[in-house]
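Report on the following structure.
The values are calculated or read from the model by the stated rules, or taken from the named source; none is laboratory data. A quick note: this is a predicted structure, and the numbers were derived from the prediction, not measured. FYI the Cβ positions are ideal-geometry reconstructions off the backbone, even for glycines, and counts take in every protein chain you see. Note: areas computed on protein heavy atoms with side chains; ligands, DNA, RNA excluded. Shrake-Rupley method; radii C 1.70, N 1.55, O 1.52, S 1.80 Å.
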Amino acid sequence: MVRVSGITLKGVKKKIAIAAAAAGLVMAFSGQAQAASYWKSTWDGCASVDGSYNYWQVGSAGGYGLYDTNWNFTISDNCADGKGAGLYTTYQKWENGGWNYHSYTKLGSDSDGANGNSAYVSGNGHNVRDVKLYVCFVGDANSCAALF
(Lines give C-alpha, C1' and ligand atoms only; values in the text may rest on other atoms or scores of the structure.)
Protein backbone atom coordinates (compact mmCIF):
# COMPACT_ATOMS: atom_id res chain seq x y z
CA MET A 1 0.00 0.00 0.00
CA VAL A 2 1.37 3.40 -0.98
CA ARG A 3 1.18 6.07 1.72
CA VAL A 4 1.79 9.74 1.00
CA SER A 5 1.48 12.10 3.96
CA GLY A 6 -1.21 9.97 5.62
CA ILE A 7 -3.18 9.36 2.39
CA THR A 8 -3.49 5.79 1.15
CA LEU A 9 -4.27 4.65 -2.38
CA LYS A 10 -7.12 2.57 -0.94
CA GLY A 11 -8.60 5.68 0.74
CA VAL A 12 -8.36 7.72 -2.49
CA LYS A 13 -10.06 4.95 -4.50
CA LYS A 14 -12.88 4.81 -1.93
CA LYS A 15 -13.41 8.59 -2.06
CA ILE A 16 -13.43 8.57 -5.88
CA ALA A 17 -16.01 5.76 -5.87
CA ILE A 18 -18.24 7.68 -3.42
CA ALA A 19 -17.95 10.88 -5.47
CA ALA A 20 -18.80 9.03 -8.70
CA ALA A 21 -21.84 7.40 -7.10
CA ALA A 22 -23.04 10.77 -5.79
CA ALA A 23 -22.60 12.35 -9.21
CA GLY A 24 -24.65 9.54 -10.76
CA LEU A 25 -27.47 10.14 -8.28
CA VAL A 26 -27.48 13.85 -9.04
CA MET A 27 -27.69 13.12 -12.77
CA ALA A 28 -30.49 10.59 -12.25
CA PHE A 29 -32.68 13.01 -10.33
CA SER A 30 -31.94 16.28 -12.08
CA GLY A 31 -34.36 16.18 -15.02
CA GLN A 32 -34.95 19.77 -16.08
CA ALA A 33 -38.40 20.92 -14.95
CA GLN A 34 -40.48 23.27 -17.07
CA ALA A 35 -43.35 25.34 -15.70
CA ALA A 36 -45.56 27.91 -17.35
CA SER A 37 -48.79 29.79 -16.83
CA TYR A 38 -51.43 29.91 -19.54
CA TRP A 39 -54.64 31.75 -20.35
CA LYS A 40 -56.65 30.94 -23.45
CA SER A 41 -60.23 31.25 -24.69
CA THR A 42 -62.28 29.98 -27.57
CA TRP A 43 -62.60 32.30 -30.57
CA ASP A 44 -65.71 33.98 -29.08
CA GLY A 45 -64.49 34.17 -25.47
CA CYS A 46 -67.34 31.98 -24.22
CA ALA A 47 -64.99 29.29 -22.86
CA SER A 48 -61.70 30.08 -21.14
CA VAL A 49 -59.01 28.48 -18.97
CA ASP A 50 -56.34 30.02 -16.78
CA GLY A 51 -53.66 28.14 -14.87
CA SER A 52 -50.31 26.40 -14.84
CA TYR A 53 -48.78 23.32 -16.40
CA ASN A 54 -45.50 21.71 -15.31
CA TYR A 55 -43.46 18.85 -16.71
CA TRP A 56 -40.13 17.18 -16.11
CA GLN A 57 -38.25 14.33 -17.73
CA VAL A 58 -38.12 11.11 -15.70
CA GLY A 59 -36.40 8.86 -18.21
CA SER A 60 -36.73 7.62 -21.76
CA ALA A 61 -38.62 4.85 -23.51
CA GLY A 62 -38.92 3.74 -27.11
CA GLY A 63 -36.42 6.38 -28.24
CA TYR A 64 -38.30 9.33 -26.69
CA GLY A 65 -38.17 11.30 -23.46
CA LEU A 66 -40.54 10.10 -20.75
CA TYR A 67 -42.21 12.89 -18.73
CA ASP A 68 -44.29 13.36 -15.62
CA THR A 69 -46.65 16.34 -15.47
CA ASN A 70 -48.96 18.27 -13.20
CA TRP A 71 -51.51 21.01 -13.81
CA ASN A 72 -53.85 23.36 -12.01
CA PHE A 73 -56.47 25.29 -14.02
CA THR A 74 -59.59 27.37 -13.59
CA ILE A 75 -62.19 26.66 -16.28
CA SER A 76 -64.84 29.30 -17.00
CA ASP A 77 -68.07 29.11 -18.98
CA ASN A 78 -68.45 32.81 -19.81
CA CYS A 79 -71.68 32.78 -21.85
CA ALA A 80 -75.18 31.54 -21.10
CA ASP A 81 -75.31 29.68 -24.42
CA GLY A 82 -75.65 26.12 -23.10
CA LYS A 83 -72.32 24.97 -24.54
CA GLY A 84 -70.10 24.75 -21.45
CA ALA A 85 -66.32 25.17 -21.25
CA GLY A 86 -63.84 22.31 -21.09
CA LEU A 87 -60.11 21.70 -20.63
CA TYR A 88 -58.97 18.86 -22.87
CA THR A 89 -55.66 17.14 -23.59
CA THR A 90 -54.09 14.92 -26.23
CA TYR A 91 -50.91 12.98 -25.50
CA GLN A 92 -48.78 9.90 -26.03
CA LYS A 93 -48.45 7.54 -23.04
CA TRP A 94 -45.95 4.73 -22.53
CA GLU A 95 -48.16 1.71 -21.79
CA ASN A 96 -47.53 -2.03 -22.05
CA GLY A 97 -44.14 -1.54 -23.68
CA GLY A 98 -45.21 0.96 -26.35
CA TRP A 99 -46.36 4.52 -27.05
CA ASN A 100 -50.15 4.88 -27.27
CA TYR A 101 -51.91 8.01 -28.54
CA HIS A 102 -54.77 9.37 -26.43
CA SER A 103 -57.13 11.65 -28.36
CA TYR A 104 -59.14 14.50 -26.82
CA THR A 105 -59.54 13.61 -23.15
CA LYS A 106 -61.54 15.94 -20.90
CA LEU A 107 -59.68 17.01 -17.76
CA GLY A 108 -62.52 19.14 -16.41
CA SER A 109 -65.41 21.42 -17.34
CA ASP A 110 -67.67 24.28 -16.25
CA SER A 111 -71.13 24.06 -17.74
CA ASP A 112 -73.21 26.38 -15.60
CA GLY A 113 -73.31 29.41 -17.89
CA ALA A 114 -71.99 32.87 -17.14
CA ASN A 115 -72.97 32.87 -13.48
CA GLY A 116 -69.59 33.93 -12.10
CA ASN A 117 -68.72 30.46 -10.78
CA SER A 118 -65.78 28.62 -12.31
CA ALA A 119 -64.58 25.04 -12.08
CA TYR A 120 -61.14 24.12 -10.78
CA VAL A 121 -59.18 21.12 -11.93
CA SER A 122 -55.76 19.80 -10.98
CA GLY A 123 -54.01 16.53 -11.59
CA ASN A 124 -50.92 14.84 -12.91
CA GLY A 125 -49.77 12.54 -15.66
CA HIS A 126 -47.06 9.92 -15.69
CA ASN A 127 -44.92 8.46 -18.47
CA VAL A 128 -46.20 10.77 -21.23
CA ARG A 129 -44.89 12.86 -24.14
CA ASP A 130 -46.29 15.21 -26.80
CA VAL A 131 -48.85 16.62 -24.36
CA LYS A 132 -51.10 19.37 -25.72
CA LEU A 133 -53.82 21.24 -23.81
CA TYR A 134 -56.94 22.83 -25.31
CA VAL A 135 -59.89 24.95 -24.26
CA CYS A 136 -63.07 23.84 -26.04
CA PHE A 137 -66.83 23.93 -25.85
CA VAL A 138 -67.77 20.69 -24.09
CA GLY A 139 -68.06 17.89 -26.63
CA ASP A 140 -67.06 20.03 -29.65
CA ALA A 141 -63.54 19.29 -30.90
CA ASN A 142 -63.98 21.79 -33.75
CA SER A 143 -64.12 24.66 -31.22
CA CYS A 144 -60.79 23.87 -29.55
CA ALA A 145 -58.00 26.42 -29.18
CA ALA A 146 -54.55 25.13 -28.19
CA LEU A 147 -52.92 26.57 -25.05
CA PHE A 148 -49.45 25.75 -26.41
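Quick rundown of the values:
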quantity: With all protein chains modelled, accessible area of H126 [1.4 Å, Å²]; calculated: 90 Å²
quantity: Distant-in-sequence amide H partners of L66 (H built 1.01 Å from N, under 5 Å); calculated: V58, G59, S60, A61
quantity: Sites matching chymotrypsin sites (Phe, Trp or Tyr not before Pro) across segment 32-106 that sit in DSSP coil, with at most 13 neighbouring C-beta atoms within 10 Å; calculated: W43
quantity: Over segment 68-148: Rg over Rh, Cα atoms, Kirkwood Rh; calculated: 1.03
quantity: log10 of Debye I(q)/I(0), alpha-carbon scatterers only, for segment 27-114 at 0.12, 0.18, 0.25 Å⁻¹; calculated: -0.49, -0.87, -1.21
quantity: ³J(HN,Hα) computed for each position of segment 102-108 - Karplus, 6.51 cos²θ - 1.76 cosθ + 1.60, integer Hz, glycine/proline x; calculated: 10, 6, 2, 10, 6, 8, x
quantity: R0 of 30 Å, Cβ-Cβ distance A61-S41: FRET efficiency to nearest 0.05; calculated: 0.30
quantity: Kirkwood Rh and Cα Rg combined as Rg over Rh, evaluated for segment 94-138; calculated: 1.08
quantity: Spin-label pair D112/N124, simplified geometry with 7 Å Cα→Cβ offset, distance in nm; calculated: 2.9 nm
